[in-house]
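For reference, the structure discussed in these notes is given below.
What follows is calculated from the coordinates using simple rules that are stated; it is not laboratory data. Source: prediction; values computed, not measured. Neighbour counts are summed over all protein chains in view; Cβ atoms, including those assigned to glycine, are modelled from backbone coordinates with ideal geometry.
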Amino acid sequence: MADDRETNFRLLAEYSADVIGCVGPDMRFLYVSPSSVDVLGFTPEEIIAMEPFGLILPEDVPAITATANHNSAPGAESSRATTRARKKDGTIVWLEISARVVRDPVTEQAKETVVIMRDITERKILEEKLSALALTDSLTGLANRRSFDETLDREWRRTLREGSQISLLLLDLDRFKEFNDYYGHQVGDDCLRAVAAAVYGAVRATDIAARYGGEEIAVILPSTDTPGAVEAAEKVRSAVAALLITHEGDPEGGGWVTVSVGVATALSRVGGTMRMPESLLLAADNALYKAKREGRNQVATSLLVAIREGEDHHPHSA
């Protein structure tokens, strides 16, 4: 009867599009179905000769090892895992791995594990595209407000943890209502797209540019002090001015589209007063309005001191 079951298993495995295999207690493959050639480029014999987890990308091995150890424990329910593997030609694929542990009926110890490996690369690519769309502003292609809020919170926490500093640029197109009223909203949208592209091109790859709302664009500058942030703000302002987009309703800009930029920098240190990232946003917004009050098409700055996480504090003006 056992021989019949093994024969049926082999027949099922050899006609499956998924890779089916048996893994021993030492995590080495004892059997691999022929579909491994189509899915991974390796023959069954090549995979059987590999070290444990030889298919898996090194950075994913700890998670897969933890899942395998969990599945092998007596009484444990088998769980699925998603991981990346390297094919024989060097390309990376995403695999969904399902496992069923075969146990000794007396000791309950794992004897071997039947695994099914399914290529889900196309699904992962689609998921990543959908995730990117959910965090991208459809008009400008910059990060959207949700993405901005999540990123600012994450970078703020990192700043507090490292005791470093973070800067934020908040820029607004000067007299944009007049631009829309005069040229129309379609031209206004084109203008916003051009400005967003100029901003994106003017900042570092490590900076995060986002459409903050309406015609406002925010740029998060991790690990950046005030002089560095002012330099970045001037690059952004100059990049927008260099577009030479006509704006008859902006006399301060000489008849061209310009932006005003508010710069805020938060320092993390013991004895500081500001804890929440909203403080940084408020400071950048105040600096932006200062730039507008003083004539537009310029940069204005603000400085905060942020208390480190875990420290007692008493809020007051910084």
statement: Sorted by chain and then number, the residues having a modelled amide H within less than 5 Å of the amide H of LYS111, at least 5 places away or on another chain, are VAL102, ARG103, ASP104
Convex hull volume per residue in cubic angstrom - Cα atoms of the chain: 185
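Once you sort the root eigenvalues of the Cα gyration tensor of the stretch 2-126 as a ≥ b ≥ c, which label holds: rounded (a/c under 1.5), prolate (a/b larger than b/c) or oblate (the other case)?
Details: a/c = 1.77, a/b = 1.27, b/c = 1.40.
Taking the square roots of the gyration eigenvalues as a ≥ b ≥ c, the stretch 2-126 is oblate.
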- prompt: Which residue fluctuates the most in the chain, going by a Gaussian network model with Cα springs under 10 Å, if the choices are ARG146, ARG28, ARG158?
  reply: ARG28
query: So who's got an amide H within less than 5 Å of the one on THR301, skipping anything under 5 residues away but keeping other chains? H placed 1.01 Å off N, in plane.
result: VAL263
field: Relative contact order of the stretch 8-121, defined on C-alpha pairs under 8 angstrom at six or more residues apart (%)
entry: 25
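How do VAL261, VAL203 rank when sorted from fewest to most other Cβ atoms within 10 Å of their own Cβ?
VAL203, VAL261
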query: Within the chain, how many Lys pairs sit with Cα atoms under 21 Å apart, leaving out pairs fewer than 8 places apart on the same chain?
result: 6
query: Mind listing the phi-derived Karplus ³J(HN,Hα) values for the stretch 92-104, rounded to whole Hz, using 6.51, -1.76 and 1.60 with θ = phi - 60°, and x for any glycine or proline?
result: 9, 10, 8, 10, 9, 10, 9, 9, 10, 7, 9, 10, 5
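With +1 assigned to the C-beta of every Lys and Arg and -1 to the C-beta of every Asp and Glu, and no other charges, what is the dipole magnitude of the chain about the Cα centre in debye, to the nearest 20?
Around 440 debye, computed over the chain.
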query: By how many degrees, 0 to 90 and rounded to 10, does the Cα axis of helix 277-293 deviate from the longest principal axis of the chain?
result: 30
statement: Expected unfolding gain across THR65-LEU130 under the 0.36 nm per residue rule, minus the alpha-carbon gap, is 20.5 nm
task: Go ahead and estimate [θ] at 222 nm for the chain from helices alone: -39,500 (n - 2.57) per DSSP H run with n ≥ 4, summed, over the residue count, rounded to 500.
output: -12500 deg cm²/dmol
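Taking other Cβ within 10 Å of each residue's Cβ, how do HIS70, HIS247 sort, fewest first? Don't jump to the answer; show the numbers that get you there.
Working: HIS70 14, HIS247 22.
If I rank by nearby Cβ atoms, fewest first, I get HIS70, HIS247.
Defining a contact as two alpha carbons under 8 Å apart and six or more residues distant in sequence, what relative contact order in percent does the stretch 135-306 show?
Here the relative contact order equals 27 percent.
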- line: To the nearest 10 degrees, the tilt of helix 121-134 (Cα long axis) against the first principal axis of the alpha carbons of the chain is 20
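Roughly speaking, what is the stretch gain from GLN186 to ALA73, that is 0.36 nm per residue apart minus the C-alpha to C-alpha distance, in nm to one decimal? Can you show the working numbers first?
Details: separation 113, 0.36 × 113 = 40.68 nm, distance 6.26 nm.
Going from the current span to full extension adds 34.4 nm.
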- prompt: So what's the gap between the Cα centers of the stretch 183-245 and the stretch 47-126, to the nearest angstrom?
  reply: 45
- line: Quick calc: nm separation of the 7 Å Cα→Cβ label points for THR226 and GLU162 -> 2.1
query: Taking the Cα-to-Cβ direction at THR107 and at GLU14 and moving 7 Å from each Cα, how far apart do the two end points lie in nm?
result: 3.2
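Quick one: if the Förster radius is 45 Å, what FRET efficiency do ARG204 and THR246 give, using the C-beta to C-beta distance and rounding to 0.05? Write out the running numbers ahead of the final one.
Details: r = 30 Å, r/R0 = 0.66.
So the FRET efficiency works out to roughly 0.90.
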- prompt: Points 7 angstrom from Cα along the Cβ direction at SER238 and ILE92: gap in nanometres?
  reply: 3.7
- request: Can you tell me the 0 to 90 degree angle between the C-alpha axis of helix 226-241 and the longest principal axis of the chain, rounded to 10?
  value: 80
- line: Exposure-ranked with fewest Cβ neighbours within 10 Å first, LEU40, LEU171, LEU282 stand as LEU282, LEU40, LEU171
